[in-house]
Amino acid sequence: MTSESTAVNLPSGEDAVEHPDENASNAEGAVADHIANGDDAAAETVSDGEDADDAAEETPLSRLEEEGDVAADYLEELLDIADIDGDIDIEVRNGRSYLSVVGDDEAEGLDILVGNDGEVLEALQELTRLSVLAATGNRSRLVLDISGYRGERSVRLQEIAEKAVERVKAGERSVHLEPMSSYERKIVHDSVAELGFGSESEGEGAARHIVVSAD
């Protein structure tokens with residue numbers, strides 16, 4: 001396991017202090033433009049689906065470390081564009097690079113990079129993976145977290161899995177869950193398996209979801 005912390009100290013300026021609402025609006029617009037510019041490519045990456053992600057062979061540690069460095073540079077540039085303060089932590093574990101963007105209690109703007117139900121975060125993760133692909137020629141399975149969102153979401157996903165299992169126990173033949181990313185689906189699959197029940201993914205692209213059953 002390797003761990004690295006890259007501090008990103010970005011100037012906010014007097015305008016940011018005197019006009020916080022305007023600064024937040026500008027930051028949100030910058031992020032939106034950045035995502036829009038890469039939206040088609042990100043959608044193409046997402047459409048590759050869970051199977052390609054799960055079938056990936058063990059990636060050498062040196063390549064994972066390189067992915068983390070490239071991704072951190074990309075995110076640092078994004079934070080600079082959006083004029084948002086944050087620290088980027090890099091960690092390699094379980095065959096993936098994990099990057100976390102965190103700020104202190106007074107930091108503002110990181111919530112913009114998460115969005116409603118993590119939608120912006122998922123888009124940024126795909127764009128960050130694309131930046132690694134463009135720089136190295138290698139597909140990346142890196143995971144991006146911002147302000148601890150994924151940890152909180154993981155708890156929620158485990159609760160969703162438990163409720164689905166309870167419904168099956170109560171007599172339902174199968175329970176279809178909401179569409180999720182491959183990363184989130186894996187968390188649910190593992191949670192359901194630990195409870196002694198079966199699950200599988202169905203659907204394509206953005207509609208891909210988990211079906212929980214007794215099998």
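Computing the accessible area with a 1.4 Å probe over protein heavy atoms, can you report the carbon and sulfur percentage for the stretch 97-176?
Solvent-exposed carbon and sulfur of the stretch 97-176 make up 43 percent of the total.
The convex hull built on the alpha-carbon positions of the stretch 102-215 has an orientation-averaged projected area of 8.7 nm².
The values are calculated or read from the model by the stated rules, or taken from the named source; none is laboratory data. Please read all numbers here as calculations on a predicted model, not as lab measurements. We work out accessible area using only protein heavy atoms, side chains counted, and drop any ligands, DNA or RNA first. Shrake-Rupley method; radii C 1.70, N 1.55, O 1.52, S 1.80 Å.
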